1. Would you please name the residue that is farthest from residue 260 (Cα to Cα), looking only at residues in segment 3-25 that are out of contact with any Pro (no Cβ under 7 Å at 6 or more places or on another chain) and open to solvent by 20 Å² or more (accessible area, probe 1.4 Å)?
2. Starting from residues that are among the small types (Gly, Ala, Ser) and over 14 Å from residue 49 (Cα atoms), keep the ones in segment 274-308 and report whichever is most open to solvent (accessible area, probe 1.4 Å).
3. Residue 271 versus (1) farther than 19 Å from residue 206 by Cβ; (2) modelled with pLDDT under 85; (3) over 23 Å from the mean Cα position of the chain (by Cα): which is the lone unmet condition?
4. Is one or more of the residues making up segment 277-288 at pLDDT 90 or above, more than 20 Å from residue 61 (Cβ to Cβ), β-branched (Val, Ile, Thr) and assigned to a helix (DSSP H, G or I)?
5. Specify which of the listed residues (125, 135) is in contact (Cβ under 8 Å) with a residue 24 or more places away in the chain, not acidic (Asp, Glu) and not in a helix (DSSP H, G or I).
6. List pairs: first residue in segment 244-261 and open to solvent by 50 Å² or more (accessible area, probe 1.4 Å), second residue not in a helix (DSSP H, G or I) anywhere in the structure, Cβ distance under 8 angstrom, at least six positions apart or on different chains.
7. Go through (1) among the aliphatic types (A, V, I, L, M); (2) surrounded by fewer than 19 Cβ atoms within 10 Å (Cβ to Cβ); (3) in contact (Cβ under 8 Å) with a residue 60 or more places away in the chain and name the single condition residue 268 misses.
8. Looking only at segment 356-373, filter to residues that are in a loop (DSSP other than H, G, I, E, B) and under 16 Å from residue 86 (Cα atoms); which one of those is least open to solvent (accessible area, probe 1.4 Å)?
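The values are calculated or read from the model by the stated rules, or taken from the named source; none is laboratory data. No experiment lies behind these values; they were computed from the predicted model shown. Every residue, glycine as well, gets a Cβ built from its backbone with ideal geometry; the counts of neighbours run over all protein chains shown. Note: accessible area is taken over every heavy atom of the protein model, side chains too, but ligands, DNA and RNA are not part of it. Shrake-Rupley method; radii C 1.70, N 1.55, O 1.52, S 1.80 Å.
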Amino acid sequence: MSRNVRFDVAKGIAILAVITIHVTGNRSRQIAVEGSQFWWWLRYINLAAAFAVPCFLLISAWLWTISLERKSDLWEFVKTRFVSLAHPYLLWSLIYITFRTRAGTSELWPSLSRIGFELSFGKSAYHLYFMVLIAQLIIIVPLFAWIFKRFKFSFWAMIAFTVAFEFVVLTIQKQTHLVVSFGSFALGYAPVLLPAIWYGLNPARLESLVDPLNLLNPKHKEVLESKLGEGVPRKMAFMQQMGLWILSFFACLAYFAVHSRLLDKQPLDGLHVQFSNIIYTSSIAWLVVVLSLTLPFHRLVETGLAWLGKNSLAIYLAHPAFLVVLTSPSVSRLLPKGYINVPIVWCGTVLISCGFALAVEKMGLNGILFGQWRRKPPVPPTENPVPAS
């Protein structure tokens with residue numbers, strides 16, 4: 001079965017955004033003076049890239065739903081994904097606990113209760129919460145796939161349900177603080193997860209998203225294209241996306257307005273901040289995925305981003321360790337200061353992480369380190385923007 005190349009492209013964009021978040025966050029703390037113009041630029045770039053994790057969740061929920069529907073074997077679905085996630089998560093949690101202990105950031109090996117808490121919420125390292133979020137999809141995807149099929153949700157019914165569900169989740173959390181670490185709670189990302197599951201159940205909608213004429217039968221489609229020209233599908237697809245573009249634009253304005261006040265240490269309602277975060281990150285994540293599915297990419301760009309997406313797990317898990325090395329005192333003194341420092345550290349982190357992923361792949365260690373025992377097919381350029389399901 002061929003890979004979903006255009007989904008890999010979206011994952012490639014998302015993994016670059018993840019590295020951007022971590023590099024700018026590190027540099028804003030270590031080399032920028034708080035409140036300076038340099039610091040504000042770093043914080044804004046950091047905020048802009050916050051769509052990365054929702055983007056990964058969106059793609060995982062979408063593709064997992066397609067896989068579940070194809071095989072129709074719930075036990076096999078749960079078992080396969082649990083094993084494939086538990087292996088790398090536990091291994092890399094152990095690596096990072098050992099790394100921080102040996103590096104002196106923790107005086108002693110953490111207690112068993114502390115380790116249990118860290119494993120439950122992905123706190124062994126600051127980025128491992130993502131693995132906990134993905135693990136929760138093992139329950140969320142089958143549950144909401146069943147709900148959408150059982151009650152035959154239309155597109156707009158699904159949207160209304162998603163909005164109401166997210167509002168209820170946020171309200172309960174605000175009133176009760178039921179979840180200790182809300183960022184590690186996947187249902188807080190309902191605006192990316194639930195529509196993705198719905199699209200996974202309705203593959204024809206994906207084809208119409210890329211080319212609206214696919215809703216017609218082949219004969220009518222051919223006649224319409226001959227009359228209106230080949231550029232018509234792309235124009236129609238763009239018109240379909242207008243609502244998403246408008247939502248993303250206003251979400252962006254609200255998000256940066258809220259966080260500008262927050263960075264300026266002005267008092268804000270926590271629910272207001274959460275709503276701005278969710279609307280911005282969800283709309284931009286959807287925009288990235290939709291554009292990855294519909295835009296005509298240069299073959300070199302598409303192949304490069306798809307390779308990053310194919311190896312995104314290796315890059316995601318390992319890159320914080322390389323960032324620590326690049327920003328350590330012994331290396332930092334060799335690097336130029338000021339604005340140029342940020343792109344140098346960013347490029348270094350990307351290149352070393354990619355080199356690591358390539359080396360692991362060539363040595364056949366993907367199974368041991370990342371639980372990816374099956375060799376992934378290569379990522380060829382494609383002229384068909386509709387990913388294989």
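1. My answer is 11.
2. Of all residues in segment 274-308, those among the small types (Gly, Ala, Ser) come to 276, 282-283, 285, 292, 304, 306.
Among the residues that remain, those that are also over 14 Å from residue 49 (Cα atoms) are: 276, 292, 304, 306.
Values: 276: 9, 292: 1, 304: 35, 306: 0 Å².
Ranking the qualifying residues of segment 274-308, first place goes to 304.
3. It fails just one condition, (3).
4. No - not one qualifying residue is present in segment 277-288.
5. Values: 135 fails: not in a helix (DSSP H, G or I).
Selected residue: 125, the only one of 125, 135 that is in contact (Cβ under 8 Å) with a residue 24 or more places away in the chain, not acidic (Asp, Glu) and not in a helix (DSSP H, G or I).
6. 261/268
7. Residue 268 satisfies every listed condition except (3).
8. 371
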